[in-house]
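Take a look at the structure set out below.
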Amino acid sequence: MTSTATVRLSAVRKTYGTGASAVTALDGVSAEFAPGTFTAVMGASGSGKSTLLQCAAGLDTVDGGQVVIAGTDLAGLSERARTLLRRDRIGFVFQAYNLVGALTAAQNVALPQRLARRAPDPAEVARALAEVGLSGRAGHYPAQLSGGEQQRVALARALITRPAVLFADEPTGALDSTASAVVLAALRRLVGAYGQTVVMVTHDPVAAAAADRVLVLADGRLVDEIAGADPAQIAARLVQGAVAA
Amino acid sequence: MIALDTLRRRWPSLVGTGLTLAVAVAVLTVCGLLLVSARPVLPARYAAASVLVRPVPPGDPEAFAEPRPWPVERADALVAGLSRLDGVRAAIPVHRFYAQLVRDGAPLGDARDAAGWSATALGGYRLVSGRAPSAAEVAVSSGLGLAPGETVTLLTAAGPQPVTVSGTVDGPGLWVADDVARAWTGGVPVIGLLTRDGAAAATVASAANPLVGGDGVVLHGDGRAVLEPVGDTRIRWIGMQVLTGLSALGAFVSVFIVASTFAFATRRRHRELALLRLLGAVPGQVRRMIHGEVLLLGLAGGALGMPIGLLAAAPFGDWLVRTGFEPPTFTLTYPWWLPLAAVAVGVLVAQAGAGAAARRAARVSPLDALREAALDDRPMGWGRWLAGCAALAIAVLSGVAASGADGANLGSYALYAAMALVTAAALLAPAVLPPAVRLLTAPFAGSRGATALLVRQHTRTAARRTASTAAPVLLSVAFAMLVGGMVQTTTAFYGLSKVTAAGAAAVVVPDGTPGLSDAAVTAARGRSALPTTLYDGPEPLPAVGIGTAEHALFTVATGDLSALARTPLDATPPAHELPAAVTSGFAERTGWVLGSGHPVSGPDGRERTLSVVAVVSGGPAPAEILLDRAAVRAMEPSALTPVVYTERLAASGPLAGLGARPLTAAAYAEAGSADDDRLVWVFTALLIGVSAGFGLLAVVNTMVMSTAARAGDLRVLRLSGATRRQVLGMLAAETSAVVVVGAGLGLGVALAALAAMARGLSTQLGVAVPMVVPWGTLAATVGVCLVLAVAAALPPAARRRSFSAE
């Protein structure tokens, strides 16, 4: 089972600052994200959930422990090698500023391929946009799209490279409930239909309920794991955890 | 190409930068066309001579001296040999000397020299009416409207004399009898060959070569153009300084503006660049993307600027001829490659400017895409401090160097100083500007209104934005002040110093003539020096002739000046020994000591031995070698005196009709002692105009960009209850504060450089030099900056009805 995990973190430590002002963001976190699973990471502000995502995605270096993405150990990789790994194996969706304002929806979706110096395949771009329900919006600029539509363009872009894992950081944080539901449904469908691995950081129990399981962080430690729960249950467990901590 | 796609949407913010590049390419195209067009032209008076022979010219083409002429005897021998060559119809030596026609005291016609009648054949000129001149006669151009038999006044180095018009000729110039011309000239500067029909010029030239040997240069075809007048060569050289100065300035200011625009744009796009990094762009790709954008921008600017430059070249060339930066023979040519080269340089300039921004963009961390807070202004690094201070030091040093230069060199040094100053200003601005704005707005700190508080806080917290808006103002003001003040300080001083050093209160200067004749010098009753040129081999040695009246002005270190006057004059053949005094500086440099003898050639080409009879350590020496005035006159019969220094303002009565006018010392200093000063002025005006023009473009550009970038800020202000009027008022106040501070700093930097230069001048010349500050230039520059900056800042804000974010 260990060897088949898409992303594996073992005893990861991350500290910001030095001396008295040092803050331990991750304090020995171990977690595995298996292929075709949808995991939500929750926790209060400052619990280390964003740091977990950044370390798991190879955006930030760790101070201790090990991160393996799709069989590649991130330790010792150069900035360039990590960039290339990110480009080829990892997709990102996050709260805001997801799209390049000067590019159309289709151009944004094709961006990762162009950065990788591969000729973008128009059919593939159209298919990716269709998958997120935006077939008619290919020529629109981000400023002409609603927040939910922008987020779905970002989803299509994250998927165009067929990444091993998709990291989402508060993907519904800036959206109203209707738009959130559409984006979450799109994420859910990707997991179900294409076996996409998704790791999503969120503070919204409703969003978390779309996931297969929920990891709860507090003070840089993994404190709880909830599987197949509805929003009310998740909210209740979070409150328990907060009281316990 | 990602660069093209992003540029397509962002172009409104880059219009200013693109326009700057367009102007730069236009300037480069104009200057380049004029530079390649400025070539020597064969004077029309030699057009019919297919082969021309002249003495060996000096090694340094920038000496601007005529080559040492052949002595008359040597020229006669050459003429005899050359006329016997196969294919040669005639070999004609040219005897050319100063002469001009005067009517009622005013110059008549453009001719300022005359030649022997035989020289008309070299120009292919023919008689239109009358006959060839004999003694006391002159042949004139038919264009003057004079008829044979009329009496006119001919002004020569001796003075005015009445002559009769013998005939008219279908070419420009004045001609006298050959033996008259021969008596006026010391040596022969050129021999023209008229070839028989069917004789190839090249064949004749190669036959002439062995005959002339090492004693001269045989010219044919296009090579004959080197015979253009030395004055034209010098004017072309000055023109070249101006044009290269303008090109360099255009390129430099473009680098500056592209650098500040892209630094600004990169900060604005930080989030977007981080997103690209997050999506897998390696740092090199981000850097290349910025360079790609700049390439497209440069090409667009070039496409706009090139045709403008092509259209503007002809009128600008005409203007240069009129102002005296190009000789009248100047004709514009259009090589096909030049506009392309100008565009290429424009693109390179843009790339150089964007280099720093591209490197900074490549360093953006992908993590920044996930962070909420905008990036704070980084404080200045030590590298930036160091570079800024170094640039400032170079600016001051260039200012000091400019104080020792004259003519077109002064303009060049002023330009270097200004360039270094621009760099220093750009580098140091973030450190210096915010405290300066705080100081400026301190008096308003206690006011109840929100405007003063907001202005203070905005400039305090956004040091780099404040710096990038104030920097172009600083550039415009400092440049205009420095160049203007530098030129005024030095020219005013030089004019005055010469007069006071000669112990004089007034002068007599040429009026419509290239110099003063002996008759004018006598009538002026003052002190003067007669310039001439000696030759050490082919190299010129400037010298002056002085009379006993001038001896008292000099401090003699060793020897005796009165020995100068004992030059034997009437000996036949002319005396071999030439007594001379040298300045102590010259003596130190060359090792010439009292009593030593040195072989030189006179202005007539004859060999002589210069014997040092005195070394002078002080005095108003216009050259480093002093001869007896009468000896100079004997060797060079048509030499002219540039100026006579008089104890009081000379009466104009005795000077009437002599081509001379009296001036007070002050008026002389103000008017400038030579044409060079006027050229320097025009040069200065050009430099100030171009730099200030670019600077104002940058002011508008950064103000528009900066207001657009602050849409979010302004929206928050509106939401907090500020009226539209208040927001605009705050913007206007902030803009004015930044402009005034930028102008104040520019003034400070310019004053420091000017003071350093005045001090340098004082030490160099041992007299207190007053610093001249061009307040008018300052007021005009600051005023224009203020109006443009406020006008540029408000519309983008006013247009947004709700100040909504982009």
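Where a number appears in this text, it was derived from the coordinates with a stated rule and is not lab data. From a predicted model like this one, the values you see are computed outputs, not experimental measurements. Here the Cβ positions follow ideal geometry from the backbone for every residue, glycine too, while neighbour counts run over all protein chains shown.
Treating r as the C-beta distance of B:T555 and B:R648 and R0 as 30 Å, the FRET efficiency rounds to 0.75.
Mean sequence separation of contacting Cα pairs (under 8 Å, at least six apart), scaled by the length of chain A, corresponds to a relative contact order of 27 percent. Placing +1 on the Cβ of every Lys and Arg and -1 on the Cβ of every Asp and Glu, with no other charges, gives the protein assembly as shown a dipole of roughly 4160 debye about its Cα centre.
On average, how many beta carbons from a partner chain sit within 10 Å of the beta carbon of a residue in A:104-113?
On the way: counts 3, 0, 0, 3, 3, 0, 2, 7, 4, 1.
Mean partner-chain Cβ count within 10 Å for A:104-113: 2.
Classification of the range B:133-261 by its C-alpha gyration tensor yields an oblate form. The axis ratio a/c (a ≥ b ≥ c) is 1.5 or more, and b/c is at least a/b. Electrostatic bookkeeping for B:V616 treats Lys and Arg as +1 and Asp and Glu as -1; over the other residues with beta carbon under 12 Å from its beta carbon, the sum is -3.
Longest stretch of chain A clear of exposed loop sites (trypsin sites (Lys or Arg not before Pro), DSSP loop, at most 11 other Cβ atoms within 10 Å, sites excluded): A:119-245. Think of the protein assembly as shown as a dipole: +1 on every Lys or Arg Cβ, -1 on every Asp or Glu Cβ, centred on the Cα centre; then among B:G383, B:V169, B:I688, B:G383 lies furthest on the positive end.
Taking the Cα centre of the range B:96-184 as origin and charging only Cβ (+1 Lys, Arg; -1 Asp, Glu), how large is the dipole, in debye to the nearest 20? All intermediate terms of the calculation are to be shown ahead of the outcome.
Values: 6 positive and 8 negative charges, 20 e Å.
So the dipole magnitude of the range B:96-184 works out to roughly 100 debye.
Please name which of B:A265, B:L297, B:P283 has its Cα lying farthest along the dipole of the range B:242-302 towards the positive end, using unit charges on Cβ (Lys, Arg +1; Asp, Glu -1) and the Cα centre as origin. With unit charges placed on the Cβ atoms, the residue in question is B:P283. What does the C-alpha gyration tensor say about the overall shape of the range B:221-347? Classify as rounded when a/c is under 1.5, otherwise prolate if a/b is larger than b/c, or oblate. Prolate, because a/c is 1.5 or more and a/b exceeds b/c.
Three principal axis extents describe the C-alpha atoms of the range B:96-184; from largest down they are 31, 28, 21 Å.
In terms of its C-alpha gyration tensor, the protein assembly as shown comes out prolate, because a/c is 1.5 or above and the ratio a/b outweighs b/c.
Express as a percent, rounded to the nearest 5, the fraction of DSSP beta bridges in the protein assembly as shown (both residues included) that run antiparallel.
So the antiparallel bridges in the protein assembly as shown amount to around 70 percent.
For chain A, the fraction of C-alpha pairs farther apart than 31 angstrom is 22 percent.
Give me the percent relative contact order of the range B:90-149, please, defined on Cα pairs under 8 angstrom at least 6 residues apart. 26 percent.
Basic side chains Lys and Arg get +1 at the Cβ, acidic Asp and Glu get -1 at the Cβ, and with that the dipole of chain A about its Cα centre reaches some 700 debye.
Amide H to amide H, with H built 1.01 Å from N, A:V41 comes under 5 Å of A:M200, A:V201, A:T202, A:L215, counting only residues 5 or more places away or on other chains. Modelled spin labels at B:D179 and A:A11, positioned 7 Å past Cα toward Cβ, are 12.0 nm from each other. Neighbour counts of C-beta atoms inside 10 Å place B:V253, A:V67, B:V41, B:V521 in the sequence B:V41, A:V67, B:V521, B:V253, starting with the fewest. With each label modelled as a point 7 angstrom along the Cα→C-beta vector, the A:R221-B:T590 pair spans 9.6 nm. In the range A:130-214, a dipole from Cβ-located charges (positive for Lys and Arg, negative for Asp and Glu) runs towards its positive end, and of A:A154, A:G195, A:A208 it is A:G195 whose Cα lies farthest in that direction.
Take the alpha-carbon centre of the range B:19-49, take the same for the range A:133-209, and report the distance between them in whole Å. Computed from Cα coordinates, the inter-centre distance equals 63 Å.
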